[in-house]
């Protein structure tokens, strides 16, 4: 049984191994002393032509932190990379080696990077392939979830391990072209916080093309974010976006909309879309239905999360007003001598008034919770991009007649 401290981090060891044969088997490491605090990124080691530092870590029990990670395999060099690429994968063992090689070709010699594969409960050999890739290339890291939690959880796990100042996400099915990674990085370097890929020419079935265009058009209308392909899985983010915008359920598709609402700069770049080489697409009717509900959630969050009374209060006033009009009408009939006690309209009007009162009360509760949240808001959570500060006034300046 793991102690409370070992639930957080059960094993960690750094060992020096020859660069030609880095270790990739986490199970070979003996248990170290449990740590009270998570390990921070160590200082970059001095360059050594004959060796490199390889870190390995295994999390035995993360139930205390509610993180659904089974194991984490780290083969990345301890030099902090500027670029982090997170790739969630579900049964993509055939695609991973080629994807890793093409990413290496695109960035090697130009950028310091790390590649983080997240195994979202695959039933094939994806995890073994990730281990082999990590052994061959110390920039490759592997994260394995306990079961299939979905893409949002996989991305969250990957983002939590990312160390780069620029974080990219892309799919593992080889439909995204790694050769276009520099295009995304350049856009972030130019000052944009979110860069979304735009698949100008899609290689998808006709039914998916039609549904995608309808969906993207609806998203543009609802969110006001003018992107051609909000749902594209090829995106780049500045680190501020990753630490500010929460990702849960299926809302990862709408990170650009949430980021724009938070005041981040969003743009898009055209990308080449390739046909799937291996496996089958998991796009279906269920995903469309879920996406519709998520879009409603985004519409509410971006418009009313900071002013819930405007939403619930408006509904409450509308329902209460209709109920009041109905009951006033029935009251007038009662004064004229008509019997109204057995009329369904009386019950309907009364229910509308009660529902209106409930919605109005919900708005008050929402406003109160928002107020409490704002009181606890840290200075680091404020949406500040930059700041100009005047030079401090010296004491001698006050003796100058020109200064009041």
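Every number in this text was worked out from the coordinates using simple rules, so none of it is lab data. Source: prediction; values computed, not measured. Here the Cβ is made from the backbone with ideal geometry for all residues, glycine too, and neighbour counts use every protein chain on show.
How far apart, in nm, are two points set 7 Å out from the Cα along the Cα-to-Cβ line at residue 243 and at residue 124?
Here the modelled spin labels are 3.7 nm apart.
Label 7 Å along Cα→Cβ of residue 292; the stretch 206-229 residues with amide nitrogen under 19 Å?
It comes to 207-223, nothing else.
Let me see the P(r) profile for the stretch 308-377: every Cα-Cα distance counted, bins of 5 Å, each bin given as a percent of all pairs.
Pair shares across the bins are 4, 19, 19, 15, 12, 9, 8, 6, 4, 3, 1, 0.
Modelling each spin label as a point 7 Å along the Cα-to-Cβ direction, I'd like the residue 347/residue 220 distance in nm, to one decimal.
Between residue 347 and residue 220, the simple spin-label model gives 4.9 nm.
Considering only C-alpha atoms, what is the centroid distance from the stretch 84-147 to the stretch 163-188, in Å?
Centre-to-centre distance over Cα atoms comes out at 14 Å.
Taking every Cα atom in the stretch 180-304, find the radius of gyration and the maximum pairwise distance Dmax, and write them in Å.
14.5, 43
Quick one: which of 226-235, 246-255 comes out on top by average Cβ neighbours within 10 Å, and what's the full order, highest first?
Numbers: 226-235: 20.8, 246-255: 17.9.
The packing order, highest mean first, is 226-235, 246-255.
Among 342-350, 89-97, 321-329, how do they line up by average Cβ neighbours within 10 Å per residue, starting with the highest? Before the final figure, lay out the partial values.
Working: 342-350: 13.2, 89-97: 20.7, 321-329: 15.2.
Taking the mean over residues of other Cβ atoms within 10 Å, the ranking is 89-97, 321-329, 342-350.
Neighbour counts of other C-beta atoms within 10 Å: give me 98, 367, 387 arranged from fewest to most. Don't jump to the answer; show the numbers that get you there.
Details: 98 13, 367 17, 387 5.
Ranked by crowding around the Cβ, least crowded first: 387, 98, 367.
Applying 1/(1 + (r/R0)^6) with R0 = 45 Å to the Cβ-Cβ distance of residue 179 and residue 364, what FRET efficiency is obtained, to the nearest 0.05? Don't jump to the answer; show the numbers that get you there.
Values: r = 55 Å, r/R0 = 1.21.
That pair, residue 179 with residue 364, gives E of 0.25.
Given a Förster distance of 30 Å, report the FRET efficiency between residue 306 and residue 209 from their Cβ-Cβ distance, rounded to the nearest 0.05. All intermediate terms of the calculation are to be shown ahead of the outcome.
Details: r = 37 Å, r/R0 = 1.22.
The computed FRET efficiency comes out at 0.25.
What is the gain in length, in nm to one decimal, between residue 336 and residue 322 on full extension, counting 0.36 nm per residue of separation less the C-alpha to C-alpha distance?
Once the chain is fully extended between residue 336 and residue 322, it gains 2.9 nm.
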